[in-house]
Amino acid sequence: MLMWLAGFVILVIKLVAVLLFLVLGAAYLVWLERKFLARLQIRYGPNRAGKYGLLQPLVDVVKMLTKEDTIPDGADGIFFKLAPAVVAGTAFMMFAVVPMGRDLTLFGRSVPLVIADLNIGLLFVFAMSSLGVYGVALGGWASNSKYSLLGGIRGAAQMISYELALGLSLVPVVMLAESFSLVDIVDAQASYPFILVQPLAFVIFLLSAMAESKRIPFDLPEAENELNAGFHTEYSGMRFGLFFLGEYVNMIVLGGIVAVLFLGGWRGPILPPVAWLVLKIVPVALFMIWVRGTLPRLRYDQLMTLGWKVLIPAALVNIVLTAAVGLM
């Protein structure tokens, strides 16, 4: 009984720690993006709320919580309310299988620094990523708006298309690690990070991950100049905030997965393992922000051409080459 209680307490502590990390990380990733884009555009960015604008995320949360929550006439109320929770919830759940460091000893027992070390952890990530499509599609359909519906349809087609390239790009990583567990994949990189032997898989995965997270230049489901805000045009208040939170939590999660699969995860000298993981997540997030401030939005045909005619064939070729080298 005591062992079960200790295990439950440890699980709650890990859940709270990860939740705080993701929420605070997403809040200050918004601040970082606004400051970074401001510098690229030769302006200041947030600089009123606190020193260097560091309290701006808190102000934004208060603003979201106090704004009126409206539901359009003719909207499907249940699915309209459910869609933002699906997008945010699946983003949070993906981080459950990301290892954050070596095992610790707590309450006299070994505690892995991961919420759940699943032997199919990579498949779990794909499952949660696929479920996120439903949030976008439901948000667009349930709003009873033509702009939102078009955004939802675009989002569903885009995310399904790039799921294929995303999954195929990681087959060579699984072949090298001989496991779907993210913990085992980190352990397999004890000698060298997989980015050194799988640079093509890294590029394909990063581009597909950006498309999955609907970041510029892949933000066709939102496309302000065509669809106002796409699938979340009719949302306000904290429901819009959940869509916003889901996007930035997704950036952190994707950065963590890139770090785990290609950059050695939490491995590194001198610094604590968790610090190494964060240091590897930040450059991935900064790259996504830099791309947003640099490149224009793709046309829809260009988006689909890149996915179906470039990334998927390249991923298939990479699988064959990896298998051939492995058999030599």
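A few comments on the model shown:
- Highest average packing first - 236-244, 203-211, Cβ atoms within 10 Å: 203-211, 236-244
- Residue-wise HN-Hα couplings along the stretch 177-187, as the Karplus relation 6.51 cos²θ - 1.76 cosθ + 1.60 with θ = phi - 60° gives them from phi, are 7, 6, 6, 9, 6, 5, 5, 5, 5, 5, 4 Hz; Gly and Pro carry x.
- Calculated mean residue ellipticity at 222 nm for the chain: -21500 deg cm²/dmol, from DSSP H runs with n ≥ 4 weighted as -39500 (n - 2.57), summed, divided by the residue count and rounded to 500.
- Close amide H pairs (under 5 Å, H built 1.01 Å from N) link Phe180 with no residue at least 5 positions away or on another chain.
- Distant-in-sequence amide contacts of Val111, defined by a placed amide H-H separation under 5 Å and a gap of 5 or more residues or a different chain, comprise Leu104, Thr105, Leu106.
- Each Lys and Arg contributes +1 and each Asp and Glu -1, all at the Cβ; summed about the Cα centre of the stretch 59-126, the dipole is approximately 320 debye.
- Subtracting the Cα-Cα distance of Ser110 and Ile195 from 0.36 nm times their residue separation leaves 27.6 nm of extension gain.
- Under the Karplus curve 6.51 cos²θ - 1.76 cosθ + 1.60, θ = phi - 60°, whole-Hz ³J(HN,Hα) for the stretch 233-243, x wherever Gly or Pro sits: 4, 8, 8, 9, x, 6, 5, 5, x, 5, 4
- Set against the labelled values [x] 1.10; [y] 0.98; [z] 0.94, Rg/Rh (Cα atoms, Kirkwood Rh) computed from this structure falls on [y].
- For the stretch 52-86 and the stretch 291-314, distance of Cα centres in Å: 30
- Cβ-Cβ FRET estimate between Lys63 and Leu321, R0 fixed at 41 Å, reported to 0.05: 0.20
- Cα centre as origin, Lys/Arg/Asp/Glu Cβ charges: the stretch 72-327 dipole, Debye: 300
- Anisotropy class assigned to the stretch 229-323 is oblate, per the alpha carbon gyration tensor with a/c at or over the 1.5 cut-off and a/b no larger than b/c.
- Estimated FRET transfer efficiency (Ile42, Asn228; beta-carbon r; R0 22 Å; 0.05): 0.20
- Site pair Thr294 and Ile78 shows an inter-label distance of 4.7 nm when each label is modelled 7 Å from Cα along Cα→Cβ.
- For Asp187, net neighbour charge (Lys/Arg +1, Asp/Glu -1) across residues whose Cβ lies under 14 Å away: -2
- For the peptides 299-305, 114-120, the ranking by mean Cβ contacts within 10 Å, running from highest to lowest, is 114-120, 299-305.
- Extension reserve of the Val282-Ala85 stretch, reckoned as 0.36 nm per residue once the Cα distance is removed: 68.4 nm
- Selected from Val183, Gly151, Tyr162, residue furthest toward positive end of dipole (the stretch 111-231; charges at beta carbon): Gly151
- Mean Cβ neighbour count within 10 Å, used as a protection proxy, ranking 150-156, 284-290 highest first: 150-156, 284-290
- Estimated distance in nm for a label pair at Phe21 and Met175, the labels positioned 7 Å out from Cα along Cα-to-Cβ: 3.2
- What the Cβ-Cβ distance of Val310 and Ala127 gives, at R0 = 30 Å and to the nearest 0.05, is a FRET efficiency of 0.70.
- Proximal lysines to Lys146, defined as alpha-carbon separation beneath 19 angstrom and excluding residues fewer than eight positions away on the same chain: Lys81
Here, each number is a calculation from the coordinates, and none is a lab measurement. What you see is a predicted model, and the numbers here were worked out from it, not measured in a lab. FYI the Cβ positions are ideal-geometry reconstructions off the backbone, even for glycines, and counts take in every protein chain you see.
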